[in-house]
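The values are calculated or read from the model by the stated rules, or taken from the named source; none is laboratory data. These numbers were taken from a predicted model, which means no experiment stands behind them. Cβ coordinates were reconstructed from backbone atoms using ideal geometry, including for glycine residues, and neighbour counts include every protein chain displayed.
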Amino acid sequence: MTAAVEIIGLSKRFGDQREVLRSIAMRIDVGERVALLGESGVGKSTLLNLIAGLERPDAGEIRLSGIPIQDLDEAAAAQLRAREIGFVFQAFHLVAHLQVWQNVAIPLLLNGRRAGDARAQALEMLAQVGLADRAQSLPRELSGGEQQRVALARALVHRPRLVLADEPTGNLDPATATRVLELIDTQVREHGAALLMVTHSAQAAAIAQRRVLLTPQGLSECP
C-alpha cells in the first residue's frame, strides 16, 4: 500500500508548557479511514495542524505522499497542502461573500485550474453531495447540515490523497450528522482518499476502519 501520511517520532511543545505531543508515530495508507479519539486538550487538533504543515513540530518527521513537509518553506508547504489535503472542519470555514460553487472551487483555483473548468468541476461535486440546486446560494442561506456538505465538497473536489476532518459533526443535530457521515464515508471511498477524523462521537468513529487513541502518554490502537 502507498502511504498518504507517515509520522515518525513527532513531538510538539507550546512555549514553556508541557509537551502536547510526544514521540508520535502513525501511518495512514491511501484509501484507509482512521478515527482519532482522545480527551479534549490532548492535542488532536494540533496533530492535524502539524500534518497539514500549518504548525511546525519540535521534533520528528511528517511525510505527505513521501515528501517531508516540515522541511519545506511556507510557500512550498502551502502548495503541497493545496494539492494533497482536503479539510473538513466543525466550524465549516466557508467564505461568506462567495457563492456555494465558488467556495467549492477554491482548491481547484489554488491548484491552477482554469476558472471555467473549476466551476464545472465544483458544480459536479455539489451534485454528488445533493446540493446542485444551492450552487448560487450564499453560505448564510444554508442550514448547518448543508454548509457541512459544502465543506465536504470543497475538501474532495480536487481529489486529495488525504482528508483531515476535525469534529465534522460536532455542530449538527443527530439526523443531519448521520447524513453527513454517510456522505463522508461514501465520498472518501469513491475518491480513494485516506481519512483522518478527529471525533468524540461513537457514531462517527464507526465509519473508520481503525480507531486510535491519543493520550498524554502517546498514541495507541483501539481494539
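For this structure, a couple of remarks:
- Segment 17-48: number of residues that are under 16 Å from the mean Cα position of the chain (by Cα) and under 17 Å from F89 (Cα atoms): 11
- Hits in segment 59-84 - residues which are in contact (Cβ under 8 Å) with a residue 24 or more places away in the chain and under 16 Å from R27 (Cα atoms): G60, E61, I62, R63, L64, S65, G66, E84
- Residue check, A205 farther than 21 Å from M125 by Cβ, aliphatic (A, V, I, L, M) and surrounded by fewer than 16 Cβ atoms within 10 Å (Cβ to Cβ): no
- The residues in segment 183-197 that are crowded, with 18+ Cβ neighbours inside 10 Å and under 13 Å from R33 (Cβ atoms) can be counted, and the count is 9.
- Single residue of G38, G15, G31 found to be touching a helix residue (DSSP H, G or I) at 6+ places or on another chain (Cβ under 6 Å) and on the phi > 0 side of the Ramachandran plot: G38
- The combined condition, being touching a strand residue (DSSP E or B) at 6+ places or on another chain (Cβ under 9 Å) and of a type outside the set (F, W, Y), is not fulfilled by V150.
- Of residues in segment 75-103 being in a helix (DSSP H, G or I) and within 21 Å of E167 (Cβ to Cβ), the one modelled with the lowest pLDDT: R81
- Near pairs, Cβ below 7 angstrom, 6+ apart or cross-chain, from segment 89-110 (surrounded by fewer than 23 Cβ atoms within 10 Å (Cβ to Cβ)) to any residue that is modelled with pLDDT under 95 and acidic (D, E): F89/D166; Q90/D166; Q90/E167
- Hey, F14 of a type in the set (F, W, Y) and within 19 Å of the chain's Cα centre (by Cα) or not: no
- Scanning segment 117-149 for residues that are part of a loop (DSSP other than H, G, I, E, B) and either under 18 Å from the mean Cα position of the chain (by Cα) or among the basic types (K, R) (or both) yields a total of 1.
- Unique match (being among the basic types (K, R) and free of Cβ contacts under 8 Å to residues at least 24 places away in the same chain) among R13, R56: R56
- Qualifying residue in segment 173-180 (condition: closer than 29 Å to E6 by Cα, touching a helix residue (DSSP H, G or I) at 6+ places or on another chain (Cβ under 8 Å) and either part of a helix (DSSP H, G or I) or not aromatic (F, W, Y) (or both)): yes
- Among the strands (runs of 3 or more DSSP E) confined to segment 1-64, the ones with at least 1 residues that are surrounded by fewer than 16 Cβ atoms within 10 Å (Cβ to Cβ) are located at 3-13, 19-29, 59-64.
- Members of segment 4-26 found to be of a type in the set (S, T, N, Q) and more than 13 Å from P57 (Cα to Cα), listed by number: Q17
- A35 at pLDDT below 95 and farther than 22 Å from Q147 by Cβ: no
- Put simply, of S143, S137 the only residue that is among the hydroxyl-bearing types (S, T, Y) and farther than 23 Å from A204 by Cβ is S137.
- Within segment 65-74, being outside any strand (DSSP E or B) and of a type in the set (A, V, I, L, M, F, W, C) holds for I69, L72.
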